[in-house]
Amino acid sequence: MTPPDGPALNAARRGAELADLADGAAVDVVVIGGGITGTGIALDAASRGLSVALVEKHDLAFGTSRWSSKLVHGGLRYLASGNVGIARRSAVERGILMTRNAPHLVSAMPQLVPLLPEMDGSARALVRAGFLAGDGLRRLAGTPASTLPRSRRVTAQRAAELVPAVRRDGLAGAFLAYDGQLIDDARLVTAVARTAAQHGARILTRVGASDATATSVRLTDQCSGDSFEVTARAVINAAGVWAADVDATLRLRPSRGTHLVFDAAAFGHPAAALTIPIPGTLNRFVFAMPEQLGRVYLGLTDEDAPGPIPDVPQPSPQEVGFLLDTVNTALATALTEADVRGAYAGLRPLIDTGEGSTADLSRDHAVTESPSGVISVIGGKLTEYRYMAEDVLDRAIRLRGLAAGPCRTRNLPLVGAPANPMSTPRPPTDLPRSLVARYGAEAARVVAGARCDRPTAPVADGIDVTRAEFEYAVTHEGAMTVDDILDRRTRIGLVAADRERAASAAQEFVDTLVE
């Protein structure tokens, strides 16, 4: 049943639902972790008719889920390494996101591999064969070419049109292929969480979880300090790189992936992702990807990250140097650290096999049960979040005898998708394009429901985020702090100068709307 406030997440709803749990309300499933995996599980469970409470110690998409490359990979890398299962699943899940779940958030991203003198004939043949295999995966997954075009070779002139900063000397054209690109990974998490709420799930941020067992967990409100126990028929640990904090028997090996942020002008305002094979590898690339807010993200690395898990990982100087050195091999004018406007790093929650480099570890996931009965899902990757959720829910239903319907998420449109009941299928043409790109068929609702003055005005000069979006972040997307707004509902915070200019507007909405 859809709750009266539908998919709206805000401080008032959080308080009421938290109070219900504190008063003894029992639930079928408690999910620990508010990243893409946890929110995916909450949506799957709620859409099957189960009562669900998701708890997150910080904010939605606080951890790894906001630090990705914003790509919905089709699995080509895994095919090259012989893991056909992950490759095929990735292609299938990419197609589901692009055509059914979130066509408003995922679009086809052209990837341009320039044919420069340093790339010999065998390397060119390998890349071309890989792209053809990617076309085969797309067809196998049933994704139409109208959604994800076929790969092809283009001329040097066309390559320079797509990526004006590419080196011209010795350029013999380029290979052009396509993959899925998210407008924003954190926005996908928010959309999944809100869709779960639309189906009745309690989505509770700033609530810590401890003492988890098969049928109970102690919750602590991080805002008030109040603590109480909740009874459930299943407790699922989806805490990502922090999963071992919930189940100490788990063994993870975090891997750090770093990205640098540039003004798009540094790459000539590209229309495609400049894609450079990493020397000495068969299936790894560095990507310079055009992104929202007039930026290009350059990534990524794959480095061991032993030791305590930080809340916000930091890039190392070696990773910054590696990314610059690699991309400069394909640029007409070299970039330096002075061109870098921002940087971010995330930790992949890889399963520790005790051997090999992190780049060689499987990106597959595992579902386990602790001695105390907590069901955990570890490993995996963003593209397969829906499949992972289905897998862990199927296991929980079998283990705990839950009365639930079949999985529905394969054909379930998220909030903002045209087919979602809360959507306006044809947004007015006078809305800012950037707003429509972030909200899809919900864009008209964002503006129409705004109560602030100047709702379509930018939050700061030169930043194409409107004041209505800041308001909506608080009233409908669960944002409770300035950081929530700047770092996760939008990506303004990736550039320090932008954060400083927009902070006062964000504070205005927090002060007036967060109770």
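So if we plug the beta-carbon distance of R251 and V84 into 1/(1 + (r/R0)^6) with R0 = 22 Å, what FRET efficiency do we get, rounded to 0.05?
Values: r = 26 Å, r/R0 = 1.17.
With R0 = 22 Å, the Cβ-Cβ based efficiency is 0.30.
Pull out the extension gain between T424 and R124, defined as 0.36 nm times the separation in residues minus the alpha carbon to alpha carbon distance; nm, one decimal.
Working: separation 300, 0.36 × 300 = 108.00 nm, distance 4.58 nm.
Here the answer is 103.4 nm.
Just add up the charged neighbours of R100: K/R +1, D/E -1, any other residue whose Cβ is under 13 Å from the Cβ of R100. Mind showing how you got there, number by number?
Numbers: positive: R94, R386, R408, R410; negative: E93.
Local charge sum for R100: +3.
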Bins of 10 Å from zero: percent of alpha-carbon pairs in segment 230-375: 10, 34, 28, 18, 8, 2, 0
When Lys and Arg each count +1 and Asp and Glu each count -1, what net charge do the other residues less than 12 Å away from F262, Cβ to Cβ, add up to? -2
How much net charge surrounds T456 when only the other residues with a Cβ under 13 Å from the Cβ of T456 are counted, with Lys and Arg +1 and Asp and Glu -1? -2
Gained length - A22 relative to D453, 0.36 nm times residue gap less alpha-carbon distance: 151.4 nm
So how many Å³ per residue does the convex hull of the Cα atoms of segment 433-513 work out to? 82 Å³
Under the Karplus curve 6.51 cos²θ - 1.76 cosθ + 1.60, θ = phi - 60°, whole-Hz ³J(HN,Hα) for segment 439-444, x wherever Gly or Pro sits: 10, x, 6, 9, 4, 4
What whole number of Å gives the distance from the Cα centroid of segment 24-49 to the Cα centroid of segment 465-515? 26 Å
For a quick check: with amide H placed at 1.01 Å from N, whose amide H comes under 5 Å from E477's, ignoring anything fewer than 5 positions away on the same chain? L9
Taking θ = phi - 60°, what integer Hz values does the Karplus form 6.51 cos²θ - 1.76 cosθ + 1.60 yield along segment 60-71, in sequence order, with x for Gly and Pro? 3, 6, 5, x, 4, 5, 9, 10, 7, 7, 6, 10
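Based on alpha-carbon positions alone, could you give the equivalent ellipsoid semi-axes of segment 50-181 from the gyration tensor, as √(5λ), descending, whole Å? Provide the component values of the computation, followed by the final result.
On the way: eigenvalues 202, 64, 43 Å².
They are 32, 18, 15 Å, listed from largest to smallest.
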Could you tell me how far the Cα centroid of segment 134-171 sits from the Cα centroid of segment 372-445, in Å? 29 Å
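Can you list the trypsin sites (Lys or Arg not before Pro) in segment 157-190 that are in a DSSP coil and have 14 or fewer other beta carbons within 10 angstrom? Write out the running numbers ahead of the final one.
Numbers: sites: R158, R167, R168, R187; in loops: R167, R168.
When the trypsin sites (Lys or Arg not before Pro) of segment 157-190 are filtered for loop state and at most 14 Cβ neighbours within 10 Å, R168 remain.
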Using only the Cα atoms of the chain, what do you get for the radius of gyration and for Dmax, in Å? 22.3, 71
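Rule-based calculations on the coordinates, nothing more; no lab input. Quick caveat: nothing in here was measured; it's all calculated off a predicted structure. Every residue, glycine among them, receives a Cβ derived from its backbone with ideal geometry; neighbour counts consider all protein chains shown.
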